[in-house]
1. Give the stretch A:44-99 a look and list any residue that's of a type in the set (Gly, Ala, Ser), out of contact with any Pro (no Cβ under 7 Å at 6 or more places or on another chain) and part of a loop (DSSP other than H, G, I, E, B), or say none.
2. Kindly list, by first and then second residue, each pair from a residue in the stretch B:16-38 that is basic (Lys, Arg) to a residue that is assigned to a strand (DSSP E or B), limited to pairs with Cβ atoms under 9 Å and residues at least 6 apart or on different chains.
3. Conditions: (1) within 13 Å of chain A (Cβ to nearest Cβ); (2) in contact (Cβ under 8 Å) with a residue 12 or more places away in the chain; (3) of a type in the set (Val, Ile, Thr). B:Val209 meets all but one. Number of the miss?
4. So which residues in the stretch A:283-318 are aliphatic (A, V, I, L, M), closer than 30 Å to A:Ala160 by Cβ and away from chain B (no Cβ under 12 Å)?
5. Which one is surrounded by the most Cβ atoms within 10 Å (Cβ to Cβ), of the residues in the stretch A:23-58 that are basic (Lys, Arg) and farther than 20 Å from A:Val77 by Cα?
6. Looking at the stretch A:128-139, which of its residues are buried (at least 24 other Cβ atoms within 10 Å of the Cβ) and touching a residue at least 60 places away in the same chain (Cβ under 8 Å)?
7. For the condition at positive phi and in the same structural domain as A:Leu327 (by TED's automatic domain parsing), what is the one hit in A:Ser433, A:Ser429, A:Ser394, A:Ser344?
8. Considering only the stretch B:163-173, state which residues are farther than 17 Å from B:Met28 by Cβ and small (Gly, Ala, Ser).
2 protein chains.
Amino acid sequence: MSNLEVFFNPRSVAIIGASEALKFGQTMTQYLLDSAFKTFPVNIAKEEIFGHKAYKNINEIEDDIELAIIVVKNEFVLQSVRDCLNKGVKGIIIESAGFSETGDEELSKIQQEIEEIIKQKDTRIIGPNCVGVTNFSNKFTTTEVNFNETIDGGKVSVIAQSGVLGNIFVDWAASQKIGLNKVVTLGNKIDVDEIDILDYLENDQETKVIVLYLEGVKRGKEFINRMKTMTKPVLIMKNGRSEIGSRAIKSHTGSIAGNDKIYDSLFQQLHKVYRVDNFYEMFNIANAFATQPLLKGKNIAVITSSGSLGALTCDLIDKWGLHLANLKSSTMEEIISIAPNWISARNPVDLGPSSLSTFRPSLKLLMNDPNVDGIINIFAVPKMPLQKFSIPISPQLREMKILSKEIKKPIITCVYGSRWVLDYFLKYSEKYSLSIMTQVDHAVKAYKMMHEFGNRGERR
Amino acid sequence: MSNLEVFFNPRSVAIIGASEALKFGQTMTQYLLDSAFKTFPVNIAKEEIFGHKAYKNINEIEDDIELAIIVVKNEFVLQSVRDCLNKGVKGIIIESAGFSETGDEELSKIQQEIEEIIKQKDTRIIGPNCVGVTNFSNKFTTTEVNFNETIDGGKVSVIAQSGVLGNIFVDWAASQKIGLNKVVTLGNKIDVDEIDILDYLENDQETKVIVLYLEGVKRGKEFINRMKTMTKPVLIMKNGRSEIGSRAIKSHTGSIAGNDKIYDSLFQQLHKVYRVDNFYEMFNIANAFATQPLLKGKNIAVITSSGSLGALTCDLIDKWGLHLANLKSSTMEEIISIAPNWISARNPVDLGPSSLSTFRPSLKLLMNDPNVDGIINIFAVPKMPLQKFSIPISPQLREMKILSKEIKKPIITCVYGSRWVLDYFLKYSEKYSLSIMTQVDHAVKAYKMMHEFGNRGERR
């Protein structure tokens, strides 16, 4: 078992700096104390916290403690770490900020001292300046997550450098019905870094796709080696492309961004690793990997209710080196036979306003066309008729799931227009394992990567 | 008065093909019949429509008719146009599809005939294969708009080629609280084209910014000349960058996309015209133009609750040739005096989780710093604390409005994370004239354009 397992599934937890006060850490303290995870609050000034006996020091706890979460002020962190080592904890998450990222000499020195004292120990540390981990499978978290709002059974795991961003990723994924599996925020990385977590997630049965938000790497060679041997798709977003961006990173998590061109050429050489441009793209593509079969060939069929967006998609298919599928003439003829005379059955199949009645049979024809490897479905129907006539879309969505499973070809749906329509799709996306996006750009890029991923694998 | 005024503010309207049946045009018919716009339904088979006397033919109507909307099947359109000319209408909107965009010879011929018969007349035609116009100022529409959901007092006007896309733009703008003024969809453009509408909107007092979704231009020289003399910002999205994209356009609105490189170099030479990459970017930037003062210099201050997103913004500022403002040392000192010791007061000003209490005074200091020309505010606060502690953001938002008005510098806010948080901001965006986006990419690009626009103007 990885010695990181303790961070994701601890048998006992101490919260050092636990508090009932309305401040950072309060929600997590209350959640863990109420949970099935055996949790002990530590607070030098309190007898009780949320009805549980509080301890002045972690060493006063009679039970063994596997994991300690430190949320005290920065000046008290060093002593808390010493206490933890004394207690023999296996993992420490330092959430407190105010160390080398400040550029302050005194504060940087504290961080160095912590680094020194754990060097000879087996204890692992995540942080400081982070919010640690969330495991959506067993609902363990060291941060503030409302599990009632998140998606169950997700397969996307996340490595983020900063705590805020980690939480923001969780919030956004929940809004977008993207299922996460594990989220780790690393902060200043005095011990555990992205390489350790990549190791862990590569061997994690529940993780299918990894997204990694990176500001800088300390162990460059090991990072490249780890990346070379990953067998799961890794989507990387890396900041610090510019000099001013690099300076900003330095004052954020104390990282050195490094020469961006080196990263770029590195990522291009790696087999299962893809660089992405922004975090929406990163999660949308990850969700396509997590929910859809891979794209075996390069031939894409576009089915759309908007000719304009269909044309835009063609531009992008060309840009990213994919092909617009040459539909079999029988496919086109059959589509024409079920649709009004003014629709365009050539790829893109532009059903226009007829799409609500002609979509399902057309989709089936496209999925069964051997010249088609994957489908982009552009749903651009105004809210008014959908709402007014209570037209149900769920049969379309169920059909997508059934066909995709049967025929083993991916479908990505891009929804344009009203938030109301998007929400209708998102309502069903979890149930039917759909890949729902709001931009065809992301869909085409996802297919590009899903095609490369499968084919790189085959070539070996 | 422009002879296009009849499309936006008609004194009398006939709907040819008006219907109570649940089909395209029904909602518009009901809306116009119930509205203050004097509307006459024309239907060969009905005595009454929604309680109003129906006419077998437009020529049976005793009153003068300024505008006719044609929604009959394609085969009946030519005769309907003849009837309209006979009646002496000033404007015709042909919404019916099924003409040259199909590639069908017979159907293309009908379109050509319509073109021929109106050549010698004063009557103007929009379409076919479109949904015509919506005027949000007087709430006149020839399409399906729920004005209860749209934003009042908007200043962004839209030219779209396709009907579906026009409706989708309206839906999306409403969801995003972006105020539109006029939306025109052009379809196959047998008469009125983008140049006519640009003329009209350039002289329209209510329009401040124009967004133009373009598939192809027929009158190339006139288009360039019109573009050269525009004094309002025009944001253009043009499809058909690739060969397959161009083919798709041909079967959509029958347009010829033309050589994309020519468009690219053309747009770069024009003074007030900017090419954008996707429609979210187009509307977000338009809304920044519509709601914020222009950016006078190139110096941007970034204020953020996420260091990662702050660093990302620096990369983009560098990429787009803007500058990260060098804050006055007094500004930084004063921010440090009000914030916890671990915040970074260098630009980007990274307030981290303290942002809820330190944002307002920090924003004021940045706005008053003469080294700062505009501000990007990155709001990345997780939902949990905001919701749990009912922390009100509206004082922040009001402050933004007051400062921006007083000091005449633009502020763009980028909200990351939960939909719930974004909706909180959007709730106030109309009231406080805010520019709210979900991507820093769009914010930086908006500033790039808002700076160029102002400075190109000054140089003249």
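1. Matches in the stretch A:44-99: A:Ala45, A:Gly51, A:Gly88, A:Gly98.
2. Within 9 Å, the pairs are B:Lys38/B:Ser12; B:Lys38/B:Val13.
3. So B:Val209 meets the others, but not (1).
4. Within the stretch A:283-318, A:Ile285, A:Ala286, A:Ala288, A:Ala290, A:Leu294, A:Leu295 meet the criteria.
5. A:Lys38
6. Our first condition is that a residue be buried (at least 24 other Cβ atoms within 10 Å of the Cβ); within the stretch A:128-139, this holds for A:128-134, A:136.
Listed by number, the residues that qualify are A:Pro128, A:Asn129, A:Gly132, A:Val133.
7. None of the other options fit; the residue is A:Ser433.
8. B:Ala173
The values are calculated or read from the model by the stated rules, or taken from the named source; none is laboratory data. Since the model is a prediction, treat every value here as computed from it, not as a measurement. As a convention, Cβ positions derive from the backbone with ideal geometry for all residues, glycine included, and neighbour counts pool all protein chains shown.
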